[in-house]
Amino acid sequence: MNSLQSEIERLSSLGSVEQDQGARATFVEFRDALTRGEIRAAERSDGLWKVNTWVKQGILLGFRLGQLTRQGSKECLSFVDKDTYPVREFSVEDGVRVVPGGSSARLGAYIAPSVICMPPMFINVGAYVDEGTMIDSHALVGSCAQIGKRVHLSAGAQIGGVLEPVSAAPVIIEDDVLVGGNCGVYEGTLVRARAVLGAGTILTRSTPLYDLVRAKIYRGSEQMPLEVPEGAVVVAGARAVASGQAAAWGISLYTPVVVKYRDEKTAQGVELEDWLRSK
């Protein structure tokens, strides 16, 4: 894999990569490895997540090399996109359950066996979706997002894509997380294992997270993501503005709030997810 990394880095540095005769073959090799999950945009080692910058460079290379082509069929859905990123086709052997109704994923997205895709949903290039995860209707998994095992992305959930700058950490959702309906988890956010995001929760690097249980405030920075603690139950809340005209008008601003940590009662409440996945 080191030779593939070196070649991707070399091609990415070229001003006119389209003139390199071997560029397309190298990219296809890279895209296929990405689709199989052999390489990924970010990896966890000893509890820490590391961005693989060269993988993001390879994804961007595909957009540089691609030509607009008409895809699909006249009888069904047709669209125009880069020929380097056609829609991924699934077979029974893939073990991915794609329910009819308008879902799609690009080649270059890894989707593990036993993942369930409810219509309509979309998975972008570079995303990594691990085993047992359910992606519900109208959910989006953005470019390079890393989704762990047994995650439930509820209806309307948006997991943002972070492709550029290539050094930026993608959105990461660890194992056994429940993301409620209409949640938005965007650039610069790491949701640790077993967390629960209540419906309508919005998380970004610039959004402070107030922990009522531990009396702490979590913030992201240019170097570090906003990190949701393991097992935290987060809901959409508000905090009063204590100065100026906002105080006189009684205005409050949105903020996510940790109201508890996952316990036996919370676990029982999400056992339904396992039951649904088996049906």
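The values are calculated or read from the model by the stated rules, or taken from the named source; none is laboratory data. Because the structure is a prediction, the values reported are computed rather than measured. Glycine also receives a Cβ, built like all others from the backbone with ideal geometry; neighbour counts cover every protein chain displayed.
Using the structure shown, decide if D83 is touching a Gly at 6+ places or on another chain (Cβ under 7 Å), buried (at least 20 other Cβ atoms within 10 Å of the Cβ) and over 13 Å from S143 (Cα atoms).
Answer is no for this residue.
Out of (1) farther than 26 Å from T204 by Cβ; (2) in contact with a Gly (Cβ under 9 Å, 6 or more places away or on another chain), what's the single condition that is false for S154?
Of (1) farther than 26 Å from T204 by Cβ; (2) in contact with a Gly (Cβ under 9 Å, 6 or more places away or on another chain), only one is false for S154: (1).
Could you tell me which residue of region 27-55 is modelled with the lowest pLDDT, considering only residues that are assigned to a strand (DSSP E or B) and small (G, A, S)?
By that ranking, first place goes to S45.
Within region 102-113, take every residue that is crowded, with 18+ Cβ neighbours inside 10 Å and touching a residue at least 60 places away in the same chain (Cβ under 8 Å) and give me the one that is nearest to E174 (Cα to Cα).
Y110
Among the numbered conditions (1) in contact (Cβ under 8 Å) with a residue 24 or more places away in the chain; (2) closer than 20 Å to K50 by Cα; (3) crowded, with 24+ Cβ neighbours inside 10 Å; (4) touching a strand residue (DSSP E or B) at 6+ places or on another chain (Cβ under 9 Å), tell me where V129 comes up short.
Unmet condition: (1).
Inside region 225-245, can you point out the residues that are out of contact with any helix residue (DSSP H, G or I) (no Cβ under 8 Å at 6 or more places or on another chain) and in a strand (DSSP E or B)? Talk me through it step by step, then tell me what you get.
Let us first name the residues in region 225-245 that are out of contact with any helix residue (DSSP H, G or I) (no Cβ under 8 Å at 6 or more places or on another chain), namely 225-232, 234-239, 242-245.
Passing the criteria: L226, E227, V228, A232, V234, V235, A236, G237, A238, R239.
Does region 17-27 include one or more residues that are surrounded by 13 or more Cβ atoms within 10 Å (Cβ to Cβ), touching an Asp or Glu at 6+ places or on another chain (Cβ under 6 Å), among the polar types (S, T, N, Q) and within 20 Å of L163 (Cβ to Cβ)?
Yes, region 17-27 has at least one match.
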